[in-house]
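Below is one structure; the comments refer to it alone.
What follows is calculated from the coordinates using simple rules that are stated; it is not laboratory data. For clarity, every value in this text was computed on a predicted model and none was experimentally measured. Cβ placement follows ideal geometry from the backbone for every residue including glycine, while neighbour counts extend to all protein chains displayed.
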Amino acid sequence: MQPMYEPSHSVPNPDSIAATWWDTYGDDYLAEHPSLGVVKFQWSPEGWTEEDLQLLPRRPGRILEIGAGAAQCSRWLKSQGHDVTATDISPGMIATAHHLNEKTGYDFPLHVAGVENLPFEAATFDTVFTSFGALSFVPDLGPAFEEIYRVLKPGGSWIYSVTHPFSWVFPDSPYRDDLTVVRPYGKKEAYVESSSGKTEYAEFPHTVADHMNGLSQSGFLVAEILEPGWPAGNSETWGAWGPDRGAMLPGTLIVSAQRPAS
Ligand SMILES: C[S@@+](CC[C@H](N)C(=O)[O-])C[C@H]1O[C@@H](n2cnc3c(N)ncnc32)[C@H](O)[C@@H]1O
């Protein structure tokens, strides 16, 4: 596959590209990253877990995970006694989540759904979250944030992790010596991988301003932003995430926002 950047607006049907790619390569992704676990809530490739960071509200109420993949995070929340529902745009990933639930004896609702079209009534959930799901695969964050706001109850929390927006300007390398800017920050270009002229994978870099303005224009109040450092004792690399680069620059952005209570 040939990796390159294309103007974001020229990528056709991003939902269909994401669903097909994750249907096809989801199992390979899980096999390549065994640290994701099966009953585990990991916020980022650095290895930070919900147990470490405790970002969800103390009483999270009814929880929705979007872009859940194989639903490892939801399974961990269920193991802690929470009421959780998981969604993902890829029927293949949801099938894997069903399979892992059967294998491990967990049971919670799983739905095939894109983040911009969630099959729930307004004000259904107290907490919505994703760990690296969905947001990188939509060209514009606005419709996703508006849909999440819709399904959240007033006063509810929306917490998510994404690739740190600064990462996109550097080469995809885990070494500090490669931290030379190669792309302009904020250029509206998608990272695409194509084969025989067909786009098979597309990710859309969003800036910090895209996140903050998208949240406030959708009605959210930002409560906290985290740029977690590299954890002592983790020597594993994952793409551009690794101890050498991680000592110099955060690889992950985590945002905690709220739908105002009234
Ligand atoms: C990097 S995985 C994250 C899943 C899980 N948290 C993990 O770390 O394995 C990204 C997930 O987002 C899903 N996804 C991509 N585009 C989406 C969209 N528009 N709506 C909902 N899910 C989407 C993919 O199908 C994939 O399962």
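Only bridges whose two residues both fall in the chain count here: according to DSSP, what percent of them are antiparallel, nearest 5?
60 percent
Where is the GNM fluctuation largest for the chain (alpha-carbon springs, 10 angstrom cutoff): D244, D140, D28?
Between D244, D140, D28, it is D28 that shows the largest mean-square fluctuation.
Are there any helices in the chain, counted as whole DSSP H runs, that stretch 18 Å or more along their axis by Cα and score at least 0.0 on average by Kyte-Doolittle, and if so which? Each step should come with its number before you reach the end.
Working: long enough: 14-32 (24 Å, -0.65); 91-104 (20 Å, -0.49).
Span-like helices here: none at all.
Quick one: go through the stretch 225-246 and flag any residue whose amide nitrogen is under 20 Å from the point 7 Å out along the Cα-to-Cβ line of D28.
The answer is 237-241.
At E6 and F170, where each label point lies 7 Å from the Cα along Cα→Cβ, what is the point-to-point distance in nanometres?
A separation of 2.8 nm, rounded to one decimal place.
Given a 10 angstrom Cα cut-off, can you work out which residue in A123, A68, A113 is the most mobile in a GNM of the chain?
Maximum fluctuation in the GNM of the chain, among the listed residues, is at A123.
Only Lys, Arg, Asp and Glu count, each charged at its Cβ (+1, +1, -1, -1), so figure out the dipole size of the chain about its Cα centre, rounded to 20 debye. Working shown, then result.
Details: 16 positive and 33 negative charges, 127 e Å.
Value, rounded to 20: 620 debye.
So, counting K/R as plus one and D/E as minus one, what does the shell of residues with Cβ under 14 Å around K153 add up to? Walk me through the numbers on the way to the answer.
Details: positive: R59, R62, R150, R259; negative: D83, E121, D126.
For residues surrounding K153, the net value is +1.
Could you order the peptides 3-11, 182-190 from most to least packed, using the average number of other C-beta atoms within 10 Å per residue? Before the final figure, lay out each step's value.
Working: 3-11: 12.8, 182-190: 14.4.
The packing order, highest mean first, is 182-190, 3-11.
Can you tell which of G197, V181, Q217 lies farthest toward the positive end of the dipole of the stretch 137-239, using +1 and -1 charges on the Cβ of basic and acidic side chains (Lys, Arg; Asp, Glu)?
So the residue furthest toward the plus end is Q217.
Taking springs between alpha-carbon atoms closer than 10 angstrom, which of A71, A31, A134 fluctuates most in the Gaussian network model of the chain?
Of A71, A31, A134, the Gaussian network model singles out A31 as fluctuating most.
Where both residues lie in the stretch 115-262, what percent of DSSP beta bridges are antiparallel, nearest 5?
Bridges in the stretch 115-262 are about 75 percent antiparallel.
Could you give the size of the charge dipole of the stretch 189-262 about its Cα centre, using +1 on the Cβ of each K and R and -1 on the Cβ of each D and E, expressed in debye and rounded to the nearest 20? Each step should come with its number before you reach the end.
On the way: 3 positive and 9 negative charges, 44 e Å.
The dipole magnitude comes to about 200 debye.
Please list the non-local residues whose amide H lies under 5 Å from the amide H of L152, H modeled 1.01 Å from N, same-chain partners needing a gap of 5 or more.
Sorted by chain and number, the residues that satisfy this are A123, T124, F125.
For S216 and H99 in the same chain, what is the full-extension length gain: residue separation times 0.36 nm, less their Cα-Cα distance, in nm?
On the way: separation 117, 0.36 × 117 = 42.12 nm, distance 3.81 nm.
Between S216 and H99, full extension yields an extra 38.3 nm.
For the stretch 232-253 and the stretch 1-61, compute the distance between their C-alpha centroids and round to whole Å.
The stretch 232-253 and the stretch 1-61 have Cα centres spaced 17 Å from each other.
Work out the charge dipole of the chain with +1 on the Cβ of Lys and Arg and -1 on the Cβ of Asp and Glu about the Cα centre, then indicate which of L56, A144, P45 is farthest towards its positive end.
L56
How much net charge surrounds A18 when only other residues with a Cβ under 10 Å from its Cβ are counted (Lys, Arg +1; Asp, Glu -1)?
Computed value for this residue: -4.
Under 11 Å from the Cβ of K40, count the other residues' Cβ atoms, weight Lys and Arg +1, Asp and Glu -1, and hand me the total.
Details: positive: R75; negative: E50, E51.
Residues close to K40 contribute a combined charge of -1.
I'd like the GluC sites (Glu not before Pro) in the stretch 55-155 restricted to DSSP loop residues with at most 13 other Cβ atoms within 10 Å, sorted by number. Write down the numbers at each step before the final one.
Working: sites: E65, E102, E116, E121, E146, E147; in loops: E116, E121.
Filter output for the stretch 55-155: E121.
Can you give the helix-only mean residue ellipticity at 222 nm for the chain, where every DSSP H stretch with n ≥ 4 adds -39500 (n - 2.57) and the sum goes over all residues, rounded to the nearest 500 deg cm²/dmol?
So the calculated ellipticity at 222 nm is -8000 deg cm²/dmol.
Charges at C-beta only: +1 for Lys and Arg, -1 for Asp and Glu. How large is the resulting dipole of the stretch 1-97 about its Cα centre, in Debye rounded to 20? Write down the numbers at each step before the final one.
Values: 6 positive and 13 negative charges, 102 e Å.
The calculation lands at about 500 debye.
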